Amino acid sequence: MIDTKTGQSRPFVVLCGMPRCGTRQFADFLNRHHDVCIQGEIRHALLRPLRDMMAAGDAAYPQGYASNYFQRKRAQAVVELFASFSKARRVMKPKATFHGFKTPQIESHHKRIDQIVGTSFATTAYLYCIRNVADCYLSLVEMPWFTDGPNAYIDKYIESLETAIELRHASLRTGARASIGVLNLDDFIACDDKPTWLARRLFHPLTIPASDEWIKEIAETTDNRNATERATGTRRAKVLGGAAAEVFALRLAEVERAVERFNRTFSENLSCRLPLAAIAA
């Protein structure tokens, strides 16, 4: 169980960003730590009633001894709500003191999440997962649940980047009540020294104590259980083709502008490269 002092000294972690960009893989890395408990995905539509429930509790106990008792339990209530309403199997770590959840594209609801978390945790720490626009799409189209055409997908990709930028500006205005960091999946995949990358981009920013030796071990032994081939049984295409290639080529300048704004905001190196074969097609 979390007491209020523990909760208030640590961040509540939200892994977000575009789907098929590493939210599950990075959550799995975090969950290898004995003191970290990251729950699975929650339906976006549930955030409004969860926010209203926490707001009702805050209003019911505004001051006095009842407020003191409620505030002591509030951090635990936040953790229980996300664990109970996650669509995935509950992650059970009774002694964990770092908590959070993962859900792609939940960044668009960051205001509601911040209201749910309130002051029960030191900050709401968003970890925004992203990758190259074409690779993300090529992985998504292999998923049986994905129904967007290329235009709708590009709209959502750009909207997601813009939301991350908005969240970054909001975090600066609110005096660090919320923070956002970027987990660039392409950068992680290409990195030769993955333990150092994980330490610098994942564990150290969250102030999670982890030795170099331990991070090296989990980098080598944590399976990417959500890789496209493992999730679908087939390898995904490496180049865009047909109508999708035409749409991506037509909208490349628009995507480039969005990616450039994102990179400038976060000092990132996100690529918007399109496979050459796709453009030639």
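Taken together, the values in this text are just the output of simple stated rules run on the coordinates, not laboratory data. Here the structure is a predicted model, which is why all the values come from computation and not from measurement. Cβ: placed from backbone, ideal geometry, glycine included. Neighbour counts: every protein chain shown.
Values for this structure:
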quantity	calculated
Among A152, A122, A219: highest mean-square fluctuation, GNM of the chain, C-alpha pairs under 10 Å	A152
About the Cα centre, charge dipole magnitude for the chain (Lys/Arg +1, Asp/Glu -1 at Cβ), debye	820 debye
Across the chain: Cys residues that no other cysteine approaches within a C-beta distance under 4.7 Å	C16, C37, C136, C191, C272
Share, in percent, of DSSP beta bridges within the chain that are antiparallel, nearest 5	5 percent
Gaussian network model of the chain, springs between alpha carbon atoms under 10 Å - residue of I215, I38, I189 with greatest fluctuation	I189
Anchor K95: aspartates and glutamates whose Cα lies under 16 Å away (excluding residues fewer than 8 positions away in-chain)	D3, D35, E80
Mean residue ellipticity (222 nm) of the chain, computed from DSSP H runs ≥ 4 via -39,500 (n - 2.57), nearest 500	-15500 deg cm²/dmol
Backbone HN-Hα couplings from phi across segment 134-144 [Karplus 6.51/-1.76/1.60, Hz, Gly and Pro as x]	6, 5, 4, 5, 5, 6, 5, 5, 7, 7, x
Other-chain or far-sequence residues with amide H under 5 Å of I42's (modelled H)	K87
Built amide H within the under 5 Å cut-off of A178, gap 5+	T124
Part-to-part distance (alpha-carbon centres) for segment 81-156 and segment 20-77, which is given in Å	14 Å
Highest-fluctuation residue, G22, G64, G40 considered, GNM on the chain with Cα pairs under 10 Å	G64
Label assignment, percent of Cα pairs over 35 Å apart derived from the structure, set (i) 9; (ii) 19; (iii) 14	(ii)
Long-range HN-HN contacts of G17 with modeled amide H, under 5 Å	Q105, I106, E107, C129
In order through segment 254-260: 3J(HN,Hα) via Karplus (6.51 cos²θ - 1.76 cosθ + 1.60), integer Hz, x for Gly, Pro	5, 5, 4, 5, 5, 5, 5
Cβ-based charge dipole, the chain, positive-most Cα from S120, F248, N68	N68
Residue order, fewest to most surrounding Cβ atoms within 10 angstrom, among V239, V13	V239, V13
Rounded to whole Hz, the Karplus (6.51, -1.76, 1.60) HN-Hα couplings of segment 210-217, x for glycine and proline	8, 6, 4, 5, 5, 5, 4, 5
Restraint check, K73/K156; K73/K194; K111/K156, Cα-Cα greater than 30 Å	K73/K156; K73/K194
